[in-house]
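Notes to accompany the following structure.
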């Protein structure tokens with residue numbers, strides 16, 4: 001069979017049945033275009049190749065379950081999300097690296113900045129707690145600041161464990177929003193999960 005003469009839809013039908021030759025034709029037909037778009041967006045040849053390869057590997061793995069109306073739209077849509085996820089992970093890595101750099105040297109010239117950041121975070125936490133209903137704020141403090149267990153909080157405040165869990169969930173929603181500027185640091189300190 002001459003796979004290069006087949007339409008995208010015909011290739012897709014064969015591909016969904018695990019036809020490796022159909023997959024090879026899809027790869028040959030679209031690899032260069034997908035790579036060019038990836039390279040144009042991220043300006044790094046190795047990374048563009050890696051994202052393109054991963055996209056086709058993922059396509060093969062999902063061959064039986066993927067819902068594909070248009071092969072071109074599917075591939076370029078998947079590439080868009082792969083690039084977005086790459087940049088998101090890069091931002092998280094950079095934020096984490098920055099946090100490590102500021103916390104690894106507590107007695108260097110960064111210590112003043114570090115202390116100022118912690119003071120700002122502490123202030124933001126107090127303001128966030130002040131916005132919570134009284135009982136929810138108490139539960140948050142006991143849970144996240146004093147590291148008390150749900151059972152201990154339940155006994156201490158004379159409320160059910162279910163109520164404690166409810167207050168923790170509500171407080172975390174509010175605090176995540178209120179501490180968004182300090183998200184990575186608060187996450188590392190265990191305040192927001």
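Just so it is clear, none of the values below were taken in a lab; they were calculated from the coordinates. Because the structure is a prediction, the values reported are computed rather than measured. Neighbour counts run over all protein chains shown; Cβ positions are idealised from the backbone, glycine included.
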Quick check: the distance between the Cα centres of the stretch 12-46 and the stretch 125-145, to the nearest angstrom? 52
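Give the order of 174, 65 when sorted by the count of other beta carbons within 10 angstrom, beginning with the fewest. Each step should come with its number before you reach the end.
Working: 174 17, 65 7.
Ascending Cβ contact count within 10 Å gives the list 65, 174.
For a protection proxy built on the mean count of beta-carbon atoms within 10 angstrom, sort 67-77, 161-171 highest first, please.
Values: 67-77: 14.1, 161-171: 16.9.
Listed from highest to lowest mean packing, they are 161-171, 67-77.
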